[in-house]
Amino acid sequence: MISIHVLLFAQVAVDIGQAELQIELPDNATVDDALAALSERYPSIALQGHQLAIAVNADYADIGHKLSPGDELALIPPVSGG
Amino acid sequence: MTTTAKLPDLSKEEIQRYSRHLILPEVTLTGQKKLKAASLLMIGTGGLGAPVSMYLAAAGIGRIGLVDFDRVEFTNLQRQIIFSTQDVGQDKLTAAKARLEGANPHIKIETHQVHLSSENALDIIGDYDIVIDGTDNFPTRYCVNDACVILRKPNVYGSIFRFEGQATLFDPRVKGPCYRCLYPDPPPPGMVPSCAEGGVLGILPGIIGTIQAAEAIKLILGQGKNLVGRLLRFDALAMSFKEFRLRRDPNCPVCGDNPSITELIDYEQFCGIRGEESTTIIRDGQDIPAINVQELKAAIDAEEDFELIDVREPHEHQICNIRSASLIPLGQIAGQLAQFDPNKRYVVHCKLGGRSAQAVELMRQAGLDAINVSGGITAWAKEVDQAMPTY
């Protein structure tokens, strides 16, 4: 198992009610696996992976990106306010 | 941008006005002339457009275009500091133009009183060097992005939500990423609340807008390290900035290596119909049944058999409410579906109609008889109970 630190922004943070959390994932898990684990644990997350910008260790990443222990995964939903 | 040879002169008054710029080695007389020679289009004269246009006018950007079609409302004044109380009811551009010309008579303010769309975006944007995106909705953001990529114009992006904001610079001239590289697909309608639905800290667009203004000035001066390829995210509650490195997506439909979108499209269709503006919400191809506030009033007066549910938050319910409504915030609806009576009719409202549509969808999926109130309590306050405060 690997432990990943997750940063949540905007609507996703509102949906879950917290701005960061820790998740455990199987070895070789990808960003997509992390998203699946999160939406299972927090069904209130309404936005899907392809509707979010995702960064791993502050680098924009796609959902196939393979995660390593201690990675910081950021979910950055679009915001439209002006 | 204009070359040094063609730069305009500064008058004695202008030299005095810009003296604190002129003594900066990064600006100098030449840099100030570049600012005077530059043209910039501010799309949206709202929370972001207010500080952006005020600082850029003060800084001496020679020609500033403003795009907006709204009128000033009381709810704008908490953050749109370009407007005064006496401007309420007036069209935004007339008020903004007067304020900016008052701030700096040496510049030209142009107004475009239109809804920016695929019909006019290329014409309007094509006439300016730099675009600043301060719009408040997804269709216009995608439209501005695509037009800027097609016209190869730098697009200084900023966006806000409650206490947090994002800013970056999309610059197709240097093959930087575009908005679609960041967000290829728009969120489903109603899923991301606007400032009107979600609220916004008044100072927040001041912070994000001044970041956009600083990026525009640096771009014109050719100074410093700009935000191309970096998404700057600000959180006012944590008072922290965080930066994410972006990259251009070679498969991006607009700025990728083989773009499939080479002209503007129908952005309202691309993003879906927005909940708060339509009487029925179309999602997953299914219409959500709705009544308007007049019909709701008639049903209450006739003592029809139904239960009215308010799915707003308690602090919103406190501001104003329809007396017979029971408060069940949207976030609690899913967990309470089993407690609703399948033989009863539920009429659901929120502030504008977006959240209640989501609640109705959840309730109907659970086999309940639920309908939405289009326009929400805001429409009720406008059409049925004029004494009710709006927010």
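The values are calculated or read from the model by the stated rules, or taken from the named source; none is laboratory data. Values in this document were obtained by computation on a predicted structure and should not be read as measured data. Every residue, glycine among them, receives a Cβ derived from its backbone with ideal geometry; neighbour counts consider all protein chains shown. Accessible surface is based on the protein model in full, side chains and every heavy atom, while ligands, DNA and RNA are left aside. Shrake-Rupley method; radii C 1.70, N 1.55, O 1.52, S 1.80 Å.
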Can you work out the accessible area per residue across chain B, with the rest of the protein chains kept in place, probe 1.4 Å, in square angstrom?
44
What ranking do B:113-120, B:202-209 get when scored by the average of other Cβ atoms within 10 Å per residue, highest first?
B:202-209, B:113-120
Can you list the residues, at least 5 places off or on another chain, whose amide H is less than 5 Å from the amide H of B:Leu327, using H built in the peptide plane?
B:Asp310
Tell me the mean residue ellipticity at 222 nm calculated for the protein assembly as shown from its helices only (DSSP H runs of n ≥ 4, each -39500 (n - 2.57), averaged over every residue, nearest 500).
-9000 deg cm²/dmol
Indicate, rounded to the nearest 5 percent, the antiparallel portion of the DSSP beta bridges found entirely in chain B.
40
Using alpha-carbon pairs under 8 Å, 6+ residues apart, how would you state the relative contact order of segment B:38-270 in percent?
21
A correct Karplus calculation of ³J(HN,Hα) over segment B:160-175, with 6.51 cos²θ - 1.76 cosθ + 1.60, θ = phi - 60°, whole Hz and x for Gly and Pro, returns 10, 7, 6, 10, 10, x, 10, 8, 7, 10, 9, 10, x, 5, 10, 6
Using modelled amide H (1.01 Å from N, peptide plane; none on Pro or chain starts), what sits under 5 Å from the amide H of A:Asp71, excluding residues fewer than 5 places away?
A:His5
Tell me the chymotrypsin sites (Phe, Trp or Tyr not before Pro) within segment B:18-108 that lie in a loop according to DSSP and have at most 16 other beta-carbon atoms within 10 Å.
B:Phe69
Partner chain coverage, peptide B:81-93 - average Cβ within 10 angstrom
0
Integer Hz, Karplus 6.51/-1.76/1.60 couplings in order for segment B:36-52, x for Gly and Pro:
5, 6, 7, 10, 8, 10, 9, 9, x, 10, x, x, 7, x, 4, x, 4
Answer rounded, prolate or oblate for segment B:38-270, using the Cα gyration tensor with square roots of eigenvalues a ≥ b ≥ c: rounded when a/c is under 1.5, else prolate when a/b is larger than b/c, else oblate.
rounded
Per residue, what accessible area does chain A have, given a 1.4 Å probe and all protein chains present, in Å²?
41
Looking only at aspartates and glutamates whose Cα falls under 15 Å of B:Lys6's and that sit 8 or more positions away or on another chain, we get none
In peptide B:181-187, what is the residue-averaged number of other protein chain Cβ atoms found within 10 Å of each Cβ?
5
Once the whole set of protein chains is in place, how much accessible area is left on A:Ser3, using a 1.4 Å probe, in Å² to the nearest 10?
40
Estimate the FRET efficiency between B:Glu73 and A:Met1 by the formula 1/(1 + (r/R0)^6), using the beta-carbon distance for r and 56 Å for R0, to the nearest 0.05.
0.60
What does DSSP give for segment B:38-270 in terms of the percent of beta bridges that are antiparallel, rounded to the nearest 5?
50
By how many nm would the segment from B:Glu303 to B:Asp266 grow when fully extended, if each residue of separation counts as 0.36 nm and the alpha-carbon distance is taken off?
8.9 nm
Measure off, as a whole percent, the carbon and sulfur share of the 1.4 Å-probe accessible area of segment B:287-383, all protein chains present.
46
Reachable lysines from B:Lys175, criterion Cα separation under 26 angstrom, eight or more residues apart if same chain
B:Lys34, B:Lys153, B:Lys218, B:Lys225, B:Lys242
With +1 on the Cβ of every Lys and Arg and -1 on the Cβ of every Asp and Glu, and nothing else charged, how large is the dipole of segment B:287-383 about its Cα centre, in debye rounded to the nearest 20?
280
Taking 30 Å as R0, compute the FRET efficiency from the Cβ-Cβ separation of B:Gln223 and B:Asp127 and round it to 0.05.
0.75
Length released on extending from B:Tyr391 to B:Val114, taking residue separation times 0.36 nm less the Cα-Cα span
97.2 nm
Candidate lysines - alpha carbon under 27 Å from B:Lys382, same-chain residues fewer than 8 apart omitted:
B:Lys92, B:Lys297, B:Lys351
Remind me, relative contact order of chain B in percent, using alpha carbon pairs under 8 angstrom and six or more residues apart?
12
Which trypsin sites (Lys or Arg not before Pro) in segment B:169-210 sit in a loop by DSSP (not H, G, I, E or B) and have at most 13 other Cβ atoms within 10 Å of their own Cβ?
B:Lys175
Between chains A and B, the summed loss of accessible surface on complex formation, probed at 1.4 Å and reported to the nearest 100 square angstrom, is 2600
Bridge orientation stat for chain A from DSSP, antiparallel percent rounded to 5, came to 75
Distance in nm between A:Glu40 and B:Leu337 label points, each 7 Å along Cα→Cβ, equals 2.0
Within 10 Å of the Cβ of an average residue in B:195-203, the count of other chain Cβ atoms is 2
Efficiency of FRET between B:Ile23 and B:Ala103 - r from beta-carbon atoms, R0 25 angstrom, step 0.05
0.75
Calc'd 3J(HN,Hα), segment B:69-81, phi into Karplus 6.51 cos²θ - 1.76 cosθ + 1.60 (θ = phi - 60°), Hz, glycine/Pro = x, comes to 9, 8, 9, 6, 10, 4, 5, 7, 5, 5, 9, 8, 6
Normalising by the residue count of segment B:287-383, find the relative contact order in percent from Cα pairs under 8 Å and 6+ residues apart.
36
